[in-house]
Every structure is written in structure tokens, then in C-alpha cells.
Amino acid sequence: MVIGAIIVKHKLGLDDRGTVAMISENINLQYFCELKSFQIALPFHPTVFVDIRKRMGASEFDLWNTQIIEKVDSLKAKSKQLISKSDKEDS
């Protein structure tokens with residue numbers, strides 16, 4: 001769930017509290033973060049991000065965060081290539 005929340009946080013440009021609030025309001029984001037069912041309550045407290053940063057250390061957390069975002073961006077690029085390749089084959 002935390003990795004999904006970090007991706008949401010980055011892609012939507014939200015702070016910790018905004019990320020948790022957005023996930024609690026959006027069924028699609030809850031599904032993306034692998035919640036079992038829709039819930040109105042906050043999925044976790046915003047300080048979870050702070051706790052993770054403290055446990056990992058700021059530099060390690062930033063590195064981990066960067067690696068997650070780079071991986072997501074590379075997967076998106078690959079899916080675009082596959083879509084354009086299938087479009088060319090259909091023509």
C-alpha cells in the first residue's frame with residue numbers, strides 16, 4: 001500500500017496529508033493501493049510517511065522514492081511503445 005501511496009503522492013504532487021485524503025476519497029486510488037474494499041475512513045495516518053522516512057533515513061528514503069518513480073515511468077514508456085506497435089500492426 002505504501003508504494004502505491006508514494007506513486008499517487010508523486011504523480012498528483014500532493015503532500016502527506018493530501019495524499020491520504022485523496023486516497024480515502026477515490027475508489028480507483030484505493031484499488032491502486034490494493035485496499036480490499038472501498039472505505040471512507042483514512043487508510044492510514046499521514047505520519048506513516050514520516051515514520052518511514054525516519055526509519056530509512058532521509059537519504060535512503062529519497063533514493064528509494066526515486067527508484068520507485070523511475071520504475072513506474074519506465075513501465076509507462078514501455079506500455080506506450082506496445083500500444084503504438086499494436087496500432088501499426090493493425091494498419
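Every number in this text was worked out from the coordinates using simple rules, so none of it is lab data. All of these numbers come straight from a predicted model, not from anything done at the bench. Please note: Cβ atoms are built from the backbone with ideal geometry, for glycine as well, and neighbour counts cover all protein chains shown.
Miscellaneous remarks
- Note on L35 and M56: with the Förster distance fixed at 22 Å, the Cβ-Cβ geometry gives a FRET efficiency of about 0.40.
- Global geometry of the range 22-76, whether rounded, prolate or oblate, following the gyration tensor of its Cα atoms and the 1.5 cut on a/c: oblate
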